[in-house]
Amino acid sequence: MEKINEKVLLEKGSPKTNKLEQIKTLNLSRLALKHQDLPVRLLSRLQSLERWDLSGNRLQELPKNLELPALRYLDLSDNQMEDVTTLESLSGLEELKMEDNLYITVSDNYKLMVLLPNLRIYNGKDVSTTANHLRFVYSENLRTRITALWEKSFQLPDPITAEKMSTLETKFVQTARQQVKFGPSSVSDFTKWRVEIMAKEYLFSLTEPESRESTDTTENCDVSPTTKRKETASVMDTNTRLTPCKKLRTDLPASSVEDSPRKSSLRLKPQTLIQTNTNRMSPRKTGQPPSTPTRGPVRAETPRRASKVRQTKDDEAQMKQEKNSKATDLQRDADMLPKIKSCSKTQPVHLKPLHVLQCHSKRDSSEDFSTQLWACAFPSLPDSTGAGGGCRLVATCGGDSVCVIDCETGMVMKKYKVPGEEFFSLAWSTVLMSRGGGAPAQHCTILAAGGKRGLVKLIHPRNNVAYGEFRASRKSLSVLRFNHNQGNFLFTGSYDNKIMMWDIGGVDSQYNYKVVQLLVLEISATPLHICLPPTSPSSHLLTACEDGLHCYNTQLGTNNTTKRSKEMEITFPIYKKEDKDHDYHTIDGLSFLTDDIVASKNYMHGSIYLWSWSRTKAQRPDKKSKSVCAVVLAELQWANTEIPYLALNTCPGQAYIVCGDDKGRLWTYHVTNLEKNCFQTGKPIQPTEVLEWPAPVRQGLSQVEGPSINSVAMDPELHFLVALSDKNMVIVWKREESS
């Protein structure tokens, strides 16, 4: 009788069910199983299986082509494993145990890290940093050597025939295995195995038409004297460390109990405010602290770079291209309306102001109305389905502190102060924490924050620990963004016109961690926002900069180098209206509304564009300028202002776009309310609602005038909306449930 059949699987699996497709955990340990005892067709029905225990058996390998898409944990300890390549089909594995397998070598361990792209925990230890070094950095070195060998000693046959290619492949692969050396001799078996695979891939790429396209990497990237939002004098960095800080930080953050949860000294004025329709342009308010890089002087002069002359010829070529594609790109086709409408079937929400907080005040002074607040974000929900009732906690940064606030109560739950720092950006993510002692790894939510000093601070808010920091740049950091599909990949944008991709790994129970740099993207101006397409966060990156919107290829493990220039620039119709007094190239708002629809804002335009990422990307870029014109679907009317860096944000689950203005108002757009004729006429679409400044009253004094709203954030279900101002105020709005 066969050892494994449907009855055994149902008995050994949980939860208890009569369907194999519903089993999530399976214990087949200590059954003296060999690989021939594991029926592939039957086991492949376990489509929901997440955890599988095969310890204490006699397995020398696993059956090949085993398809278990949901499997995240596998225990193969105490077996007789020899061939680890049979695990390749289990590509979703995040944690693997292989202890007490006598024949497993260091090379086998390395093979597993390359074969299993999501592997994070191996034998109870976090190996994500080592794994990514092998997958990308180590592989890049081998690829360079393989390429050099080919160019020196080999060439394609003429004519190309199957017989000649087979002979060439055998000789090339054999030579590569012998001559390509890298890494320690203790892992030479791994190196030869990897070289053989990569040599075959390289030879195959030479015969593929797509791979023959030349790529221009010598792009003209003049760095002109752009004015910057938050950059301070270079002396600001002289007393900070100039080397990457990867030291273990198990101490508590610089703040302590005195930075306790506190409410603002402001109260909301209980009256109905009158909406005003005048959107006059106002000069930037003065009185900003000199140590804080403000917007004030940023746009007092010419708002753009000194590259206008250089751009003229590119614009002429671009104008021709746009003219040809205008009919299809900018006609706001009626057939795109269902696409936008289908992003949500939700109804407009009603929001009311709930709290106004001054939790970033210098010396906790209620008189501080000068500290500018720059970034806020809600953590992602534990699951991607949107279930779970929303999130009440929001992180905010500005001045020398990062706060975590309970939106419902208005209490500051955590506060981290770093004297001398000025935080400009933050981002949430989830990484794996290995706990040791045979306990399975668990996910933990972390917060990264950075700013003036060029350091990224890593925080574990749940345990109230700022566990480490590392230097991402010698200049100030303008923006941080995690890859939402790979939580240990962090992008940092800085004022030296670079975006870097880091692998921050996971942590163990003692908060040991390691950081590795993976990519450097050369930017032509300061990056203000970073967006990763929801469906391809590991292959493309969009960055909104002082001089436009650029797209980069961030795919790791390709033939591209670790230093990359832009793949294309996305241009907008408003560029055609530029003159010596108006420059619209600065993109100071960028966010995805759906998997395909992007909302972006061009400084001084007075409108928000909605455009299609897929249709824009599908165009062939201009060979010289690498530009494509955005396929615009609609324009949303917004405030007329010359104040830059008022960032918009989106709530995809509720089909909402929100952007503040320079008078403390919030312009909200419920996208499903768009009318069909708006696309056909080309007229800007009115906001669903403009939320007026709630007019908080200072204790014993007059009400506070509407400030500029630097940033907004919404939780995934839009129970709360948080807005940050340039006058040290965090404003929390709450959704009113309809009766």
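Go through (1) open to solvent by 30 Å² or more (accessible area, probe 1.4 Å); (2) modelled with pLDDT under 90; (3) closer than 29 Å to residue 443 by Cα; (4) touching a strand residue (DSSP E or B) at 6+ places or on another chain (Cβ under 6 Å) and name the single condition residue 529 misses.
The failed condition is (2).
Give me a count of the residues in region 152-178 that are surrounded by fewer than 14 Cβ atoms within 10 Å (Cβ to Cβ) and closer than 28 Å to residue 110 by Cα.
Adding up the residues that qualify gives 4.
Any residue in region 720-739 that's within 19 Å of residue 422 (Cα to Cα): show its pairings with residues that are open to solvent by 40 Å² or more (accessible area, probe 1.4 Å) and assigned to a strand (DSSP E or B) at Cβ separation under 7 Å, as long as the two are six or more apart or on different chains.
Close Cβ pairs satisfying both conditions: none exist.
Could you check region 418-456 and list, in sequence order, the residues that are open to solvent by 30 Å² or more (accessible area, probe 1.4 Å) and not in a loop (DSSP other than H, G, I, E, B)?
428, 430, 442, 443, 445
Need pairs with beta-carbon distance below 8 Å; first residue over 21 Å from residue 540 (Cα atoms) and within region 602-627, second in a strand (DSSP E or B) and modelled with pLDDT under 90; sequence gap 6+ or separate chains.
604/582
Which members of region 503-548 meet the condition of being β-branched (Val, Ile, Thr) and either touching a Cys at 6+ places or on another chain (Cβ under 8 Å) or in a loop (DSSP other than H, G, I, E, B) (or both)?
Across region 503-548, the qualifying residues are 504, 507, 515, 523, 526, 535, 543.
Residues in region 179-207 that are open to solvent by less than 60 Å² (accessible area, probe 1.4 Å) and free of Cβ contacts under 8 Å to residues at least 12 places away in the same chain: how many?
1
Looking at region 72-98, which of its residues are assigned to a loop (DSSP other than H, G, I, E, B), closer than 18 Å to residue 128 by Cα and without any contact (Cβ under 8 Å) to a residue 60 or more places away in the chain?
Of everything in region 72-98, those that are assigned to a loop (DSSP other than H, G, I, E, B), closer than 18 Å to residue 128 by Cα and without any contact (Cβ under 8 Å) to a residue 60 or more places away in the chain turn out to be 72, 88, 90, 91, 92, 93, 98.
Could you list, in sequence order, the residues of region 165-188 that are out of contact with any Asp or Glu (no Cβ under 8 Å at 6 or more places or on another chain), at pLDDT 90 or above and among the charged types (D, E, K, R)?
The answer is 169, 171.
Of the residues that make up region 462-478, is at least one touching a strand residue (DSSP E or B) at 6+ places or on another chain (Cβ under 9 Å), on the phi > 0 side of the Ramachandran plot and surrounded by fewer than 19 Cβ atoms within 10 Å (Cβ to Cβ)?
Looking through region 462-478, at least one residue is touching a strand residue (DSSP E or B) at 6+ places or on another chain (Cβ under 9 Å), on the phi > 0 side of the Ramachandran plot and surrounded by fewer than 19 Cβ atoms within 10 Å (Cβ to Cβ).
Residue by residue through region 703-731, note down the ones that are among the hydrophobic types (A, V, I, L, M, F, W, C) and surrounded by fewer than 23 Cβ atoms within 10 Å (Cβ to Cβ).
704, 713, 718
For region 606-638, which positions are surrounded by 21 or more Cβ atoms within 10 Å (Cβ to Cβ) and within 30 Å of residue 707 (Cα to Cα)?
Passing the criteria: 608, 609, 610, 611, 634, 635, 636, 638.
Among the residues of region 665-698, how many are closer than 13 Å to residue 636 by Cβ, modelled with pLDDT of 90 or more and crowded, with 22+ Cβ neighbours inside 10 Å?
4
Taking the condition over 21 Å from residue 719 (Cβ atoms), assigned to a loop (DSSP other than H, G, I, E, B), open to solvent by less than 30 Å² (accessible area, probe 1.4 Å) and at pLDDT 90 or above, does residue 662 pass?
yes
Pick from 353, 379, 348: which is in a loop (DSSP other than H, G, I, E, B), at pLDDT 85 or above and within 21 Å of residue 692 (Cα to Cα)?
Among 353, 379, 348, only 348 is in a loop (DSSP other than H, G, I, E, B), at pLDDT 85 or above and within 21 Å of residue 692 (Cα to Cα).
Looking only at region 105-147, count how many residues are over 20 Å from residue 443 (Cα atoms) and part of a helix (DSSP H, G or I).
24
Among the residues of region 108-140, what is the count of those that are open to solvent by 20 Å² or more (accessible area, probe 1.4 Å), acidic (Asp, Glu) and either touching a Ser or Thr at 6+ places or on another chain (Cβ under 6 Å) or under 20 Å from residue 86 (Cβ atoms) (or both)?
Final tally of qualifying residues: 1.
The values are calculated or read from the model by the stated rules, or taken from the named source; none is laboratory data. These numbers were taken from a predicted model, which means no experiment stands behind them. Cβ sites come from the backbone with ideal geometry, for glycine too, and all protein chains shown count toward neighbours. Accessible surface is based on the protein model in full, side chains and every heavy atom, while ligands, DNA and RNA are left aside. Shrake-Rupley method; radii C 1.70, N 1.55, O 1.52, S 1.80 Å.
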